[in-house]
Amino acid sequence: MLEIRYFEEALEELFSRGLLHGTMHLSIGQEAVAEGVCAALDDGDYITSTHRGHGHTLAHGADPTAMMAELMMKDTGYCRGRGGSMHIADVANGNLGANGIVAGSMTIATGAALTQQMQGTGKVVACFFGDGAANEGAFHESLNLAAVWDLPVLFICENNQYGMSMSQDRSTAGGSVAARSAAYGMPGTRVDGNDVEAVYEATHEAIVATRRGDGPALIECVTYRYRGHSKSDRNLYRTQDEIEDWRTHRDPIERFAGKLVAERGVAQSNIDAARETARSKIRDAVQAAVKAPDADPADLTGAAYA
Amino acid sequence: MRYAQSVNHALALLLEQDERVFLAGEDIGVYGGAFGVTDGLVDRFGEARVRDTPISEEAIAGLAVGAAITGMLPIVEMQFSDFVVNAMDPIVNQAAKLHFMYGGNVEVPMVIRLPGGGGTGAAAQHSQSLEAWFAHIPGLKVVAPATAQDAQDLLLAAVADPNPVLVFEHKLLYKNEESVELRTSTAAPTALGEAVIRRAGTDLTIVAYSIMVGKALEAAERLESSGISAEVVDLRSLRPLDIETVRASVRRTGRLLVTHEAPAAVGIGAEVVAGVVESDALDYLLAPVARVCGKPIPMPYAKALERATIPQVEDVELAAKELLNA
Ligand SMILES: Cc1ncc(C[n+]2csc(CCOP(=O)(O)OP(=O)(O)O)c2C)c(N)n1
Ligand SMILES: [Mg+2]
């Protein structure tokens, strides 16, 4: 979680210094969802990610230097500077990619799960999607198909309560995304997405069942995005008080750190050391990425085909 | 005023003067649209007429069809033109076909606004120029305003038209400052399907639309200083296509260069060239025709890669010089 937080904060800084291009969607405040889910996955399990994907990508074990390099338009980036923030993929490591199309990865995750079933790999696919994505046709088509075919896919709704400016109650009938799972006959649960252990437990339980052949499950993790939707957001659709309330009372990192110290006997100095380790890892990633060679237009010819 | 404000003015005028008009799209209300185009409209006209939708492109386009055939004048937005891919059925199989298929018994007076194009660093899924897909479909009309004036005027013309019209607005044009003659009536101030000559010239015809019109004009300026006189035709409408204006220009100049940001293959440029060579204008050509288009790859993210993918002023200039030397 710390690495994700510091990675995102480093991006904000780099962006303000003009070292990045385009826009980006930060997951500050939502780290527990990425971390809790990915911690429950085994080697060889897959994820699909979203436009807000840096956290998922890091939590699934990506190299922060290659991610930074991608964002800094370097040839050594995960996508050789072609993809950028919204399209980082670490395919060799089972991350089938971030996606700029809302719900765009849901049908893909379903297909990747079909491979696992047909090839009998015993692996599962964790499909991250936002609350807003639940109103795309692709959401419904994916859930239905995965359910009728008993595919080993976990649909992980990262419910940060807004799809851009649309609050969930303005956009989503039926009250919750988890409730929709019932229509497709699959288990659906709603957990505190800022409690990394709760996310882990729910995911772990679902994975055990899915690996057993019980078919897909849906987990809705309720969380909150501190920053604007993207760089152009004026936050006109929510109050500063609401943002502050989440930051000060429900921050996933502070909560977990507090719990470790208060209930698990972890020394504060260990927490501080973990922070420093994560910070320096991200700092190193930035420094290495800065020095990497730029992506080269000369390599573009024919690049659309394998 | 800015191009975006010109669109905003047209939308406000339509909402004010015609109660059948309503807007629907993602984040067009309090957010003001991803590019600020609908800023302030929800405050003036209310949530019933400026409707924030869930993220459901198929429903956005489909509701426009259903509302249009039952007496409303919907103007809906695809937040980025790329997302129209999720809405192809209502547009291509429904909106485009109903009037003909039902024997002329129904009209589909709907408008879809689609911010498109690259240059913003938004990469492959947020930068496309998909207009040619729709220009291929009988029953649809497609416009691509290059100026702030046309952003207003073609939108008004689109709403006045009884057919489904797609309005492609290039995202990089939104901030362009130009003087605009603001309309006070919703009557179509211009016809749909008429090209204009933005600059007269005698040595070659450069045909462009949307953002490439500005680049073509800049290239024409540079060519002027090399002693080459370029005529620049702004197509404005891609379907119907005003091929007569292009042919007449080619008869005068004897050379043809077509430029657009979309890749060349099966694109508007190919259609323009075919339209020219299918006529006697062919006999006036002194050189082969040229196309200056986007590279045939998905739009990359990195600045240098993106720039290399999008046709630039110097690409147009260079291709024009080659035509003159041919
Ligand atoms: C098909 C499609 N429609 C619209 C968008 C524009 N868009 C990008 S993210 C977003 C909001 C997504 O909300 P949610 O799924 O809740 O994810 P969050 O941004 O909250 O993480 C929108 C509307 C898009 N990228 N793709
Ligand atoms: Mg959301």
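Read-outs: derived from the displayed coordinates by stated rules, not from any lab. The structure displayed is predicted, hence computed values, not measured ones. Every residue, glycine among them, receives a Cβ derived from its backbone with ideal geometry; neighbour counts consider all protein chains shown.
Just add up the charged neighbours of B:ARG222: K/R +1, D/E -1, any other residue whose Cβ is under 10 Å from the Cβ of B:ARG222.
-4
Of A:GLY174, A:GLY104, A:GLY29, which is farthest along the charge dipole of the protein assembly as shown in the positive direction, counting Lys and Arg as +1 and Asp and Glu as -1 at C-beta?
Value computed over the given set: A:GLY104.
Size of the dipole of the stretch B:3-173 about the Cα centre, Lys and Arg at +1 and Asp and Glu at -1 on the beta carbon, nothing else charged, in debye to 20?
Taking the Cα centre of the stretch B:3-173 as origin, the dipole is about 260 debye.
How high is the FRET efficiency from A:GLU242 to B:ARG222, r the C-beta distance, R0 45 Å, rounded to 0.05? Mind showing how you got there, number by number?
Numbers: r = 53 Å, r/R0 = 1.18.
The formula returns an efficiency of 0.25 here.
How big is the charge dipole of chain B about its Cα centre, in debye rounded to the nearest 20, if each Lys and Arg gets +1 on its Cβ and each Asp and Glu gets -1 on its Cβ?
Dipole about the Cα centre, nearest 20: 360 debye.
How high is the FRET efficiency from B:TYR102 to A:GLN119, r the C-beta distance, R0 51 Å, rounded to 0.05?
The formula returns an efficiency of 0.60 here.
Taking θ as phi - 60°, what are the ³J(HN,Hα) couplings along the stretch A:72-82 by the Karplus curve (6.51, -1.76, 1.60), each to the nearest whole Hz, with x for Gly and Pro?
Whole-Hz 3J(HN,Hα) from phi for the stretch A:72-82: 8, 6, 9, 5, 8, x, 3, 10, 6, x, 8.
Taking the Cα centroid of the stretch A:13-75 and of the stretch A:92-167, what is the distance between the two, rounded to the nearest whole Å?
Here the answer is 17 Å between Cα centres.
Helix B:243-253 versus the longest principal axis of chain B: what is the Cα-based angle in degrees, 0 to 90, to the nearest 10?
The answer is roughly 20 degrees.
Say the dipole of chain B comes from +1 at the beta carbon of Lys and Arg and -1 at that of Asp and Glu; which of B:VAL180, B:LEU13, B:LEU238 then lies farthest toward its positive end?
Farthest towards the positive end: B:LEU238.
If you wrap a convex hull around the alpha carbons of the stretch A:253-300, what volume per residue comes out, as a whole number of Å³?
94
Hey, with R₀ at 41 Å, roughly what FRET efficiency would B:VAL85 and B:THR202 work out to, going by the Cβ-Cβ distance, to 0.05?
Between B:VAL85 and B:THR202 the formula returns 0.45.
Where Rh denotes the Kirkwood radius from the mean inverse Cα pair distance, what is Rg over Rh for the stretch B:212-281? Walk me through the intermediate numbers first.
Working: Rg = 12.3 Å, Rh = 12.8 Å.
With Rh from the inverse mean 1/r over Cα pairs, Rg/Rh is 0.96.
Please work out, to two decimal places, the log10 of the ratio I(q)/I(0) at q = 0.15, 0.17, 0.22 Å⁻¹ from a Debye calculation in which every Cα of the stretch B:132-256 carries one identical scatterer.
-0.71, -0.89, -1.27
How many percent of all Cα-Cα pairs in the stretch A:113-221 sit more than 22 Å apart?
Of all Cα-Cα distances in the stretch A:113-221, 28 percent exceed 22 Å.
Which semi-axis lengths, in whole Å and largest first, follow from the square roots of five times the eigenvalues of the Cα gyration tensor of the stretch B:176-226? Present the calculation step by step, with values, prior to reporting the outcome.
Values: eigenvalues 147, 39, 18 Å².
The three semi-axes for the stretch B:176-226 are 27, 14, 9 Å.
Given points 7 Å out from each Cα along the Cα-Cβ axis, report the A:ALA262 to A:ALA92 separation in nanometres with one decimal.
Using points 7 Å along Cα→Cβ, the separation is 4.4 nm.
Each residue of the stretch B:31-41 in turn: what ³J(HN,Hα) in whole Hz from Karplus with 6.51, -1.76, 1.60 and θ = phi - 60°, glycine and Pro shown as x?
Listing the rounded values in order: 5, x, x, 4, 10, x, 5, 9, 3, x, 5 Hz.
Percent of Cα-Cα pairs more than 24 Å apart in chain A, please.
For chain A, the share of Cα pairs beyond 24 Å comes to 52 percent.
Determine the alpha carbon to alpha carbon distance for each of A:LYS74/A:LYS291; A:LYS231/B:LYS303; A:LYS291/B:LYS295; B:LYS141/B:LYS295; B:LYS97/B:LYS141 and list only those over 19 Å.
A:LYS291/B:LYS295; B:LYS141/B:LYS295
Using helices alone, I'd like the mean residue ellipticity at 222 nm for chain A: each DSSP H run of four-plus residues gives -39500 (n - 2.57), total over residue count, nearest 500.
-13500 deg cm²/dmol
Given C-alpha coordinates of the stretch B:196-324, what is the ratio Rg to Rh with the Kirkwood estimate of Rh? Provide the component values of the computation, followed by the final result.
Details: Rg = 13.8 Å, Rh = 14.4 Å.
So for the stretch B:196-324, dividing Rg by the Kirkwood Rh gives 0.96.
Which of A:GLU205, A:GLU35, A:GLU70 moves the most in a Gaussian network model of chain A with Cα springs under 10 Å?
Sorting by GNM fluctuation, first place goes to A:GLU205.
Please turn the phi angles of the stretch A:264-269 into ³J(HN,Hα) values with the Karplus equation 6.51 cos²θ - 1.76 cosθ + 1.60 (θ = phi - 60°), one per residue in order, whole Hz, x for glycine and proline.
Working through the residues one at a time gives 10, x, 7, 6, 4, 5 Hz.
Once you charge only the Cβ atoms, +1 for Lys and Arg and -1 for Asp and Glu, what is the size of the charge dipole of chain A about its Cα centre, to the nearest 20 debye?
Roughly 340 debye, rounded to the nearest 20.
In degrees, nearest 10, range 0 to 90: what is the angle between the Cα axis of helix B:57-68 and the longest Cα principal axis of chain B?
The helix B:57-68 is inclined about 70 degrees to chain B.
Taking just the C-alpha trace of the stretch B:3-173, give me its Rg and Dmax in Å.
For the stretch B:3-173, the Cα-based Rg and Dmax read 14.6, 46 Å.
Could you please state, rounded to a whole Å, how far the C-alpha centre of the stretch B:88-108 is from the C-alpha centre of the stretch B:200-233?
38
Considering Cα pairs under 8 angstrom that are at least six residues apart, work out the relative contact order of the stretch A:2-291 and quote it in whole percent.
Once normalised by length, the contact order is 23 percent.
Please state the Cα pair-distance histogram of the stretch A:151-306 with 10 angstrom bins from zero: what percent is in each bin?
9, 23, 27, 27, 14, 1
Of the chymotrypsin sites (Phe, Trp or Tyr not before Pro) in the stretch B:96-196, which ones lie in a loop per DSSP and count no more than 16 other C-beta atoms within 10 Å?
Qualifying residues, ordered by number: B:TYR102.
Using 10 Å bins from zero, what percent of all Cα-Cα pairs in the protein assembly as shown falls into each bin?
3, 15, 24, 25, 18, 10, 4, 1, 0
Equivalent-ellipsoid semi-axes (√(5λ), Cα gyration tensor) for chain B, whole Å, largest first?
Equivalent ellipsoid of chain B: 33, 21, 18 Å, largest first.
Just tell me which lysines come within less than 25 Å, Cα to Cα, of A:LYS259; anything on the same chain fewer than 8 places away is out.
A:LYS281
Could you point to the residue in B:ALA200, B:GLY32, B:ALA264 farthest towards the positive end of the protein assembly as shown's charge dipole, with +1 and -1 charges on the Cβ of Lys/Arg and Asp/Glu respectively?
Working it through, the farthest residue towards the positive pole turns out to be B:ALA200.
Helix B:148-160 sits at what angle to the longest principal axis of chain B, using alpha carbons and giving 0 to 90 degrees rounded to 10?
The helix B:148-160 is inclined about 50 degrees to chain B.
On the first, second and third principal axes, largest extent first, how far apart are the outermost C-alpha atoms of the stretch A:179-261 in Å?
Over the stretch A:179-261, Cα extents along the principal axes are 45, 36, 20 Å.
May I ask for the distance between the Cα centers of the stretch A:240-306 and the stretch B:139-180, given as a whole number of Å?
44
Hey, in the GNM for chain A with a 10 angstrom Cα cutoff, which one of A:THR248, A:THR65, A:THR48 fluctuates hardest?
Of the options given, A:THR248 has the highest mean-square fluctuation.
Taking amide hydrogens as modeled 1.01 Å from N in the peptide plane, which residues meet the under 5 Å criterion relative to A:GLN161, leaving out close sequence neighbours?
Amide H neighbours of A:GLN161, under 5 Å, 5+ apart: A:ASP131, A:THR223.
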